[in-house]
Amino acid sequence: MSPYNPLRLTVHTETQRNLTDKTPQIMIENMRKYTGLMVVVLILLAAGLIITMKPGGSGGGVGNEFMNVEGVALDRNDFAKQGENTVAAVQRLVQMQNFNDFIKLREFVGSLMGTSASETQNNLDFVTNRILLKLKAQELGLYSSTEVASKYIKENMFQGRDGAFDPAMYTNYVDSLANLGFKESDFQELIGEYIVFTKARELIGGGIVPSTEQTIAQMKSEAQTVGLSTVNFELADFAKAVKPSDEEIKSYWETHKDKYKTDVQLKITYVLTLLDDSDQPQRPTPAPDADPNEVSKQSLEYQEKLADWEEQRKNHTKILTKLFSEFVDVTADSDGLKFDEAAAAAKEQAGEDFTIVTTEAFNIENTPAEINNLTLKHYQPGTQLSSFLFDPKNYNAEDINYNMHTFSVGRDGNLAVRIDERIEPKVKDFEAAKDLAKADLIDERARQAMHDAAIKAQTEIAELLESGKSFNEAAQEKGFNSSTLAPFTAAAPPADISNAEDLFRIAAVTAPKSIAKQLSEAGDTTSIVYVDSRSYETSPEDAIKEQQLIDNTSTQLQYVAFNAWLSSLKDDAEIKQPLVQ
């Protein structure tokens with residue numbers, strides 16, 4: 001898949017957080033100077049297959065080409081309607097409290113949408129996969145029609161409390177889609193796609209059947225209760241005894257040099273427009289016994305001050321945003337060459353509210369807090385700028401314009417970052433790497449010593465068990481402290497045991513009243529495991545649970561097969577997408 005039209009322009013969309021785990025920024029670079037792209041006619045599939053973008057429909061199908069999948073060209077309107085607007089239409093089911101139908105279509109959207117940090121890239125993947133599925137559905141003999149989609153809607157969706165189709169609920173929903181450019185026929189097309197999607201998934205993964213015996217055995221294994229005792233060895237006890245010489249440390253460093261490299265570093269120049277809001281009027285907090293009239297007066301004064309402050313900020317922000325946009329346009333028109341000149345010109349007009357900073361080299365942990373702590377709009381909460389800047393995909397040493405990235409930040413600010421230089425890691429010399437190499441060598445030797453000690457103790461204790469001694473007696477005779485854990489299940493392991501999950505895994509396949517052949521080596525603890533008991537409690541619901549598990553496992557396998565098939569279609573397809581961040 002080749003990147004196409006390498007420009008970036010911020011686009012705001014309706015939230016998708018209930019459809020995916022991503023709520024990132026939607027950005028593609030400025031498109032002003034690429035308005036001369038070829039005019040295309042969008043004709044997807046033959047008439048008769050409901051899942052088509054009709055010629056002349058969906059944004060007209062005629063305009064500047066925005067993306068192209070296997071010869072199917074879409075302009076920006078087509079992309080918006082097939083991508084973010086479709087997602088918003090599905091999201092609107094939640095707003096109308098129609099959760100059952102939302103879950104159905106979320107399955108469709110979630111399976112076809114990507115998992116990128118960029119919301120735009122997710123939409124691009126979603127639209128791309130929709131087109132590929134439409135094109136390949138014919139080859140699989142999968143068709144739908146308006147009649148089939150309408151029948152499905154009436155029989156399976158928009159059900160009222162009595163379980164019957166509710167025409168008013170359906171009409172209200174369809175009417176609510178008007179501002180997204182959707183008509184009833186568009187929604188019917190979407191349902192047609194959903195029907196074909198479910199049939200394709202069944203067809204692709206239908207032949208994959210989980211082993212009933214193994215599936216049920218796995219369920220029972222995970223549901224059993226185990227009681228066990230352990231003898232534990234701690235890494236810290238063995239590390240104390242490891243004291244390598246300088247020669248040994250240097251020899252270790254010589255054979256592990258690639259582990260010890262300097263951090264990736266960046267040099268950047270950034271432009272930031274973000275007004276300080278420390279002077280925002282604060283709501284007064286009256287005393288409990290304050291005069292109501294005085295409280296009312298203070299509240300009114302506060303509202304008036306706040307309104308004035310917000311109006312001034314709005315006007316100031318409008319000016320800054322205009323200057324920032326002009327700076328971005330000039331930079332884009334010059335392929336990035338006039339970044340500094342355009343920034344300086346904008347600052348001359350804007351003054352101190354237009355910040356320009358060029359940094360020294362820094363690693364990811366030392367990304368300037370002034371920008372790294374900013375809230376990035378359209379990204380997942382808590383996302384830091386550093387994770388984007390240090391992603392190698394966002395730097396090209398041969399293309400200055402490629403290295404400029406814009407963001408909406410904070411309350412109403414804008415940020416442009418140019419990555420001036422990316423300094424790749426270099427192998428550290430011995431003196432710089434000595435302490436790290438020493439720590440790794442000690443750790444390696446200590447772990448080996450701990451493992452050897454545990455194996456030796458395991459053999460000795462096992463021999464005493466054969467003579468009739470209990471595990472605790474055998475451990476004590478050999479000078480080890482043993483611990484007995486109360487019986488527990490995989491779903492409810494003891495919270496104070498760090499390797500409880502690994503202990504259960506080993507105990508679950510070890511015969512009761514025996515010592516496990518495998519050691520538990522999790523984290524900094526190695527344990528000898530003795531299984532006191534294993535039990536599985538049956539219940540009248542077991543048969544139902546087993547069938548549900550088999551059905552769920554079968555569905556999961558279908559998803560795996562379908563997603564692999566869809567991925568292969570994408571790998572083999574001729575796709576042109578805009579380059580996004």
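Worth pointing out:
- Among the residues listed as 518, 476, the single one being surrounded by fewer than 19 Cβ atoms within 10 Å (Cβ to Cβ), polar (S, T, N, Q) and over 20 Å from residue 447 (Cα atoms): 476
- Residues located in the range 260-282, provided they are over 30 Å from residue 418 (Cα atoms) and surrounded by 11 or more Cβ atoms within 10 Å (Cβ to Cβ): 280, 281
- Residue in the range 222-259 that is surrounded by the most Cβ atoms within 10 Å (Cβ to Cβ), counting only those that are acidic (Asp, Glu) and over 23 Å from residue 451 (Cβ atoms): 222
- Considering the range 147-168, and only residues there that are aliphatic (A, V, I, L, M) and farther than 15 Å from residue 101 by Cα, the residue that is surrounded by the most Cβ atoms within 10 Å (Cβ to Cβ) turns out to be 148.
- Neighbours by Cβ (under 6 Å, 6+ apart or cross-chain): first from the range 424-435, farther than 28 Å from residue 394 by Cβ; second open to solvent by 50 Å² or more (accessible area, probe 1.4 Å): 430/250
- Residue in the range 569-577 that is small (Gly, Ala, Ser), within 36 Å of the chain's Cα centre (by Cα) and surrounded by 15 or more Cβ atoms within 10 Å (Cβ to Cβ) present: yes
- Candidate set from the range 532-568 (those that are free of Cβ contacts under 8 Å to residues at least 60 places away in the same chain and not in a helix (DSSP H, G or I)); member that is surrounded by the fewest Cβ atoms within 10 Å (Cβ to Cβ): 540
- Filter pass, residue 144 being more than 15 Å from residue 105 (Cα to Cα), part of a loop (DSSP other than H, G, I, E, B) and open to solvent by less than 40 Å² (accessible area, probe 1.4 Å): yes
- Whichever residue in the range 357-385 is more than 22 Å from residue 331 (Cβ to Cβ) and part of a helix (DSSP H, G or I) and, among such residues, is most open to solvent (accessible area, probe 1.4 Å): 365
- Any hit, the range 205-214, residues being open to solvent by 20 Å² or more (accessible area, probe 1.4 Å), closer than 27 Å to residue 517 by Cα and at pLDDT below 90: yes
- Residue 354 vs. criteria touching a Lys or Arg at 6+ places or on another chain (Cβ under 6 Å) and open to solvent by less than 20 Å² (accessible area, probe 1.4 Å): yes
- Criterion violated by residue 469 - all others in (1) part of a helix (DSSP H, G or I); (2) open to solvent by 70 Å² or more (accessible area, probe 1.4 Å) satisfied: (1)
- With respect to the conditions (1) open to solvent by 70 Å² or more (accessible area, probe 1.4 Å); (2) of a type outside the set (Gly, Ala, Ser); (3) assigned to a loop (DSSP other than H, G, I, E, B); (4) within 21 Å of residue 220 (Cβ to Cβ), residue 510 lacks only one, and its number is (1).
- Of residues in the range 319-344 being among the aliphatic types (A, V, I, L, M), open to solvent by 50 Å² or more (accessible area, probe 1.4 Å) and assigned to a helix (DSSP H, G or I), the one farthest from residue 264 (Cα to Cα): 319
The values are calculated or read from the model by the stated rules, or taken from the named source; none is laboratory data. A quick note: this is a predicted structure, and the numbers were derived from the prediction, not measured. With ideal geometry, Cβ positions are generated from the backbone for all residues, glycine too; neighbour counts draw on all protein chains shown. Keep in mind that these areas ignore ligands, DNA and RNA; they rest on the heavy atoms of the full protein, side chains included. Shrake-Rupley method; radii C 1.70, N 1.55, O 1.52, S 1.80 Å.
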